[in-house]
1. Test of understanding: among B:Leu59, B:Leu44, B:Leu48, which residue is open to solvent by 100 Å² or more (accessible area, probe 1.4 Å), modelled with pLDDT of 75 or more and in a helix (DSSP H, G or I)?
2. So how many residues does the range A:38-66 have that are more than 11 Å from every other protein chain (Cβ to nearest Cβ) and aliphatic (A, V, I, L, M)?
3. State which residue is farthest from B:Glu19 (Cα to Cα) when the search covers only the range A:28-44 and only residues that are part of a helix (DSSP H, G or I) and open to solvent by 10 Å² or more (accessible area, probe 1.4 Å).
4. So in the range A:159-181, with the set limited to residues that are of a type outside the set (D, E, K, R) and free of Cβ contacts under 8 Å to residues at least 24 places away in the same chain, which one is nearest to A:Thr77 (Cα to Cα)?
5. Could you check B:Glu30 against (1) at pLDDT below 75; (2) assigned to a loop (DSSP other than H, G, I, E, B); (3) of a type in the set (D, E, K, R) and say which number it fails?
6. Touching a Phe, Trp or Tyr at 6+ places or on another chain (Cβ under 8 Å), free of Cβ contacts under 8 Å to residues at least 12 places away in the same chain and not aromatic (Phe, Trp, Tyr) - does that describe any residue in the range A:22-43?
7. Among the residues of the range A:128-165 satisfying the criterion of being at pLDDT 90 or above, of a type in the set (S, T, N, Q) and under 18 Å from A:His36 (Cα atoms), which is surrounded by the fewest Cβ atoms within 10 Å (Cβ to Cβ)?
8. Say we look at the range A:166-181 and pick out the residues that are under 19 Å from the mean Cα position of the chain (by Cα) and small (Gly, Ala, Ser); which of these is nearest to the other protein chains (Cβ to nearest Cβ)?
Amino acid sequence: MGFADQDKEIIELLRKDANRGFRLLVESYSKRLYWHIRRLVILHEDADDALQNTFINAWKKIGEFRNESALYTWLYTIATNESLTLINKRKRYSAVSIDEIGNYLANSVEGSTWFDGDEAQIKLQNAILQLPEKQRIVFNLRYFDEMPYEEMSKVLNTSEGALKASYHHAVKKIEEILGLI
Amino acid sequence: MKDIADKSPFKVPENYFEEVNKKIIASTAEKVNETKPEGIYRRLKPFLAVAATVAVLILLSYTALKIFKPASITGKIPEISLQEFSDTYLNDIDILTLEEGASAIASFDGVYDVSDADIIDYLIVENIDLNDIYEIL
């Protein structure tokens with residue numbers, strides 16, 4: 001079953017029985033959204049918080065959901081916003097500069113209890129963390145989630161052309177950092 | 001670069017997704033139950049709040065008017081007859097005491113009886129030389 005068919009089934013069930021529909025929505029999307037959030041916030045504890053907030057907000061706003069956008073992009077938008085809110089909160093309350101946050105996140109990759117990557121993966125994650133925030137989101141959505149630019153444009157409210165350029169720059173930067181070019 | 005990312009570098013606790021799904025579904029179900037039993041107080045709450053605000057404003061305006069409104073603004077001094085004035089305001093006054101005071105004031109002519117001898121005694125006691133008085137006069 002593709003995303004579109006699955007979304008259709010969830011939406012129909014939401015109309016008939018909101019609780020059962022929402023249960024199916026959570027079961028279908030929790031893993032995908034968790035990994036999207038985790039790649040942005042890095043720490044499991046933060047990702048756990050942001051994931052729960054994402055679904056609680058989705059539940060609150062489910063009445064506002066229109067079929068104009070796919071359920072999939074709608075949920076990714078909420079999850080991205082929750083992740084950014086959490087990152088910004090961390091910036092505000094820890095009273096450290098953006099560079100320091102980057103270093104903190106970079107160290108967290110290696111220091112996190114829930115990190116199990118080999119050396120190459122640590123290098124890649126650290127390289128991604130050196131990208132500007134928006135570029136990092138674009139790179140993650142395209143590279144790991146393989147999200148089409150058309151969908152990404154709806155999630156980030158940015159033109160497809162700008163997203164393509166942003167991704168291109170992100171790849172170049174990462175390759176430079178990894179010493180691949 | 002693609003080969004590197006094929007495996008997720010992050011770990012999650014065992015059974016994390018099963019647990020978090022249950023937690024999310026339970027927390028949203030609680031929110032539904034919290035909102036369902038909408039009693040009469042909950043429904044009337046906004047109206048009660050508006051009514052209370054209006055009542056407080058009226059009370060405040062009335063009190064402010066009572067305190068700050070000058071007497072001239074009222075424009076009228078209540079007219080009462082002499083009899084009413086007497087009955088209302090003079091009832092509590094002891095008329096006898098008032099009359100005694102009045103007669104004492106009326107009988108006082110301003111100068112008590114003092115003889116020349118008394119004056120001379122006074123001047124001697126105060127050691128005032130009579131020649132000084134003549135000079136001044």
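1. Numbers: B:Leu44 fails: open to solvent by 100 Å² or more (accessible area, probe 1.4 Å); B:Leu48 fails: open to solvent by 100 Å² or more (accessible area, probe 1.4 Å).
After applying the criteria, what remains is B:Leu59.
2. From the range A:38-66, those more than 11 Å from every other protein chain (Cβ to nearest Cβ) are A:40, A:46, A:50, A:61, A:63-66; that's our starting set.
If we keep only those that are aliphatic (A, V, I, L, M) too, we end up with A:40, A:50.
Going through the range A:38-66 one residue at a time, the tally reaches 2.
3. Narrowing the range A:28-44 to residues part of a helix (DSSP H, G or I): A:28-41, A:44.
Checking which are open to solvent by 10 Å² or more (accessible area, probe 1.4 Å) leaves us with A:28, A:31-32, A:35, A:39, A:44.
Working: A:Ser28: 14, A:Lys31: 12, A:Arg32: 16, A:Trp35: 16, A:Arg39: 20, A:His44: 14 Å.
If we take residues in the range A:28-44 being part of a helix (DSSP H, G or I) and open to solvent by 10 Å² or more (accessible area, probe 1.4 Å), then A:Arg39 is farthest from B:Glu19 (Cα to Cα).
4. Step one: of the range A:159-181, the residues of a type outside the set (D, E, K, R) are A:159, A:161-163, A:165-171, A:174, A:177-181.
From what's left, free of Cβ contacts under 8 Å to residues at least 24 places away in the same chain: A:159, A:161-162, A:165, A:168, A:179-181.
Values: A:Ser159: 15, A:Gly161: 19, A:Ala162: 18, A:Ala165: 20, A:His168: 22, A:Gly179: 33, A:Leu180: 32, A:Ile181: 33 Å.
Out of the qualifying residues, it is A:Ser159.
5. It fails just one condition, (2).
6. yes
7. A:Asn157
8. A:Ala170
The values are calculated or read from the model by the stated rules, or taken from the named source; none is laboratory data. All of these numbers come straight from a predicted model, not from anything done at the bench. Here Cβ is always computed from backbone atoms with ideal geometry, including for glycine, and neighbour counts include all displayed protein chains. These accessible areas exclude ligands, DNA and RNA; they are computed on the full protein's heavy atoms, side chains included. Shrake-Rupley method; radii C 1.70, N 1.55, O 1.52, S 1.80 Å.
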